[in-house]
Amino acid sequence: MAVGTGVAALLQGVPSPIESVGNRAIDYAPPFLKEFAVKQFGTADKPILIGGVVATLALLAVVAGIIGRKKPRVAIAVVGVIGLIAVLCAAIDRTTTAGRALTLVPSVLTVVVSLGALILLLATLREREEAAAAHPLGLGRRGFLKASLGVTALAVIGGAVGQLFGDAAAAASRAGIRLPGAAKAAPAVPSGVEVGVKGVSEFVTPNRDFYRVDTALRIPDVPAEGWSLRIHGMVDQELNLSYRDLMNMPLEEHRVTLTCVSNEVGGPYVGNALWLGVRTATLLEMAGVQAGADAIKSTSADRWTAGSPIETVTDDRNAMVAIGMNGEPLPLSHGFPARLVIPGLYGFVSATKWLTEIEVTKFSDFKGYWTTRDYTALAPIKFSSRIDVPKSFQAFPQDKVRLGGVAWAQTVGIEKVEVSIDKGEWVEATLGAEDNNETWRQWSYQWDDATPGNHQVTIRATNKDGDTQTSERARIRPNGTTGWHSVQFRVE
């Protein structure tokens with residue numbers, strides 16, 4: 001497997017055999033299992049899946065080796081079947097950006113090397129046992145030791161190559177990019193957006209802390225050179241735009257808060273960033289949207305798809321094809337070289353990373369990746385609020401009980417936030433200044449008459465349409481959670 005991984009790393013856009021098997025597991029997993037993985041493991045779900053695949057293969061390898069001592073043909077058959085599964089997974093892997101024949105190379109090599117290693121080890125082991133019978137002092141160990149060291153060296157070299165060269169082309173491309181200034185720069189962050197409570201999420205989320213939820217086991221290795229964005233479908237003129245074309249267009253900066261549909265009540269999958277890019281409305285005006293179109297279908301480099309209502313990418317919200325995030329080129333894990341940012345919609349219908357295509361079409365003619373898995377095609381973000389301070393069971397001195405967090409109602413805006421202590425009356429919290437209606441707002445609350453003991457704080461928000469957050473709990477599927485966030489804490 002190390003050899004297959006190393007070879008895949010040297011072939012741009014080709015997944016390793018482990019990744020191909022993992023990708024099939026992701027695509028075929030039922031929605032409830034995906035929700036369980038995100039809830040239990042968060043952003044560590046992908047390493048855990050990869051670790052599970054590796055552990056399973058290791059166990060099967062041990063079994064094959066033990067069987068091979070007595071029944072070598074059975075062991076060879078077991079390894080051959082495992083290898084065939086890897087080849088079949090590679091043959092249907094949607095994430096490849098290379099030709100199908102090239103995509104099969106790592107898996108085929110994995111089968112060849114696996115069978116070769118097994119046959120070699122079994123043969124030298126048999127020679128060792130025969131030599132041991134003839135020479136009780138153990139003179140037959142040398143051949144088996146050499147074969148074992150050779151196989152180990154091959155695995156180490158393959159693994160090292162995989163680590164050194166994975167995503168190398170995109171990383172090198174990104175390192176050489178200097179983003180131009182925006183024709184329309186974002187206004188300065190207003191004073192007062194930060195409420196000054198230690199532990200409350202930063203108003204602008206640093207790139208390193210911005211949540212990542214996607215289906216990519218391996219970040220697509222897509223250098224800006226050679227990348228293009230195709231806009232086609234129900235348009236008057238098909239467009240093929242290079243990265244340089246986008247950089248030469250009028251770029252705009254906007255601060256926008258993004259939210260994942262997998263975000264539980266009080267969850268971490270929401271973040272606010274400064275995005276740089278070209279408005280989708282500008283691009284679609286260049287292409288000319290034909291009558292009857294009601295959707296765009298966006299496609300990533302790894303063939304992931306999403307559908308978005310046409311009005312959300314042509315109205316006055318700041319929907320864009322982004323190439324920058326917080327003053328630098330998009331990080332690899334957040335969509336380099338380009339991604340969609342559509343305010344007001346959950347990410348599974350709006351935030352396609354590693355973007356390669358926008359097709360103007362009709363919802364009746366296609367389904368996106370998650371809308372084939374029991375999620376709704378239309379997914380406006382349900383406004384919500386979160387308690388950042390206190391953390392669960394955090395203790396405060398009696399004279400310093402200051403609470404805080406964030407609330408969001410993208411494209412509408414937050415009007416007020418209220419807190420309730422121990423299920424008592426609702427009291428209005430202090431809101432940080434508003435940047436724009438596409439970003440979250442911080443809030444704080446000073447509990448001046450706090451009493452010692454254990455307490456519970458609950459929060460709810462009201463948006464600028466006058467709607468107050470519902471207390472009714474809704475599951476993630478089909479279109480996002482609802483409910484009030486509560487936290488237990490202690491006053492000493």
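The values are calculated or read from the model by the stated rules, or taken from the named source; none is laboratory data. Only a predicted model underlies this, so the values are computations on that prediction, with no experimental measurement involved. Neighbour counts run over all protein chains shown; Cβ positions are idealised from the backbone, glycine included.
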- line: The residue from ALA170, ALA273 that alone is buried (at least 21 other Cβ atoms within 10 Å of the Cβ), in contact with a Leu (Cβ under 7 Å, 6 or more places away or on another chain) and not in a loop (DSSP other than H, G, I, E, B) is ALA170
- request: Report yes if ALA295 is touching a strand residue (DSSP E or B) at 6+ places or on another chain (Cβ under 7 Å) and more than 24 Å from ALA188 (Cβ to Cβ), otherwise no.
  value: yes
- prompt: Tally time: how many residues in the range 430-466 are part of a loop (DSSP other than H, G, I, E, B), under 27 Å from TRP275 (Cβ atoms) and not β-branched (Val, Ile, Thr)?
  reply: 10
statement: Filtering the range 62-84 down to residues that are part of a helix (DSSP H, G or I) and either free of Cβ contacts under 8 Å to residues at least 12 places away in the same chain or surrounded by fewer than 16 Cβ atoms within 10 Å (Cβ to Cβ) (or both) yields VAL62, VAL63, ILE66, ILE67, ARG69, LYS70, ARG73, VAL74, ALA77, GLY80, VAL81, LEU84
- request: Of the numbered conditions (1) modelled with pLDDT of 95 or more; (2) surrounded by fewer than 20 Cβ atoms within 10 Å (Cβ to Cβ); (3) farther than 22 Å from SER191 by Cβ; (4) over 26 Å from the mean Cα position of the chain (by Cα), ASP448 fails exactly one; give the number of that condition.
  value: (1)
statement: When THR372 is run through (1) under 26 Å from the mean Cα position of the chain (by Cα); (2) more than 30 Å from ALA29 (Cβ to Cβ); (3) of a type in the set (Val, Ile, Thr), the failure sits at (2)
message: Of the residues GLY324, GLY307, only one is within 18 Å of the chain's Cα centre (by Cα), surrounded by fewer than 24 Cβ atoms within 10 Å (Cβ to Cβ), part of a strand (DSSP E or B) and touching a residue at least 40 places away in the same chain (Cβ under 8 Å); which?
response: GLY324
query: Looking at SER114, is it in contact with a Cys (Cβ under 8 Å, 6 or more places away or on another chain), part of a helix (DSSP H, G or I) and either among the polar types (S, T, N, Q) or not assigned by TED's automatic domain parsing to the domain that holds SER300 (or both)?
result: no
field: Pair list, Cβ < 7 Å and 6+ apart or interchain, from the range 339-367 residues that are under 13 Å from GLN410 (Cα atoms) to residues that are hydroxyl-bearing (Ser, Thr, Tyr) and not in a strand (DSSP E or B)
entry: ILE342/THR312; ILE342/SER350; PRO343/THR411; GLY344/THR312; GLY344/THR411; LEU345/THR312
Residue that is farthest from GLY266 (Cα to Cα) [pool: residues in the range 195-227 that are charged (D, E, K, R) and in a loop (DSSP other than H, G, I, E, B)]: GLU225
task: Among residues belonging to the range 349-397 that are surrounded by 22 or more Cβ atoms within 10 Å (Cβ to Cβ), out of contact with any helix residue (DSSP H, G or I) (no Cβ under 8 Å at 6 or more places or on another chain) and hydroxyl-bearing (Ser, Thr, Tyr), point out the one that is farthest from ARG490 (Cα to Cα).
output: THR352
- request: Give the residues of the range 355-366 that are in a loop (DSSP other than H, G, I, E, B) and either within 16 Å of GLU311 (Cα to Cα) or at pLDDT below 95 (or both), sorted by residue number.
  value: LYS362
- line: Screening ARG244, ARG230 for residues that are under 24 Å from the mean Cα position of the chain (by Cα), surrounded by fewer than 17 Cβ atoms within 10 Å (Cβ to Cβ) and outside any loop (DSSP other than H, G, I, E, B) leaves only ARG230
- prompt: Restricting attention to the range 117-145, which residues are assigned to a loop (DSSP other than H, G, I, E, B) and at pLDDT 85 or above?
  reply: none
message: Anything in the range 421-445 that is surrounded by fewer than 16 Cβ atoms within 10 Å (Cβ to Cβ) and not basic (Lys, Arg)? List them, or say none.
response: ASP422, GLY424, GLU425, TRP426, VAL427, GLU428, THR430, ALA433
query: When you go through ALA295, ALA291, ALA287 one by one, which is the residue that is outside the structural domain of ARG24 (by TED's automatic domain parsing), surrounded by fewer than 23 Cβ atoms within 10 Å (Cβ to Cβ), more than 21 Å from the chain's Cα centre (by Cα) and touching a residue at least 24 places away in the same chain (Cβ under 8 Å)?
result: ALA287
- prompt: In this structure, is SER16 of a type in the set (S, T, N, Q) and either in contact with a Lys or Arg (Cβ under 9 Å, 6 or more places away or on another chain) or closer than 30 Å to ASN479 by Cβ (or both)?
  reply: yes
- line: Contact list, first residue from the range 219-248 and outside the structural domain of LEU284 (by TED's automatic domain parsing), second anywhere and in a loop (DSSP other than H, G, I, E, B) and of a type outside the set (A, V, I, L, M, F, W, C), beta-carbon distance below 9 Å, six or more apart or interchain, is none
task: Test ARG460 against the criterion of being basic (Lys, Arg) and in contact with a Phe, Trp or Tyr (Cβ under 6 Å, 6 or more places away or on another chain), and give yes or no.
output: yes
message: Just to be sure I understand, how many residues within the range 10-31 are surrounded by 13 or more Cβ atoms within 10 Å (Cβ to Cβ) and part of a helix (DSSP H, G or I)?
response: 13
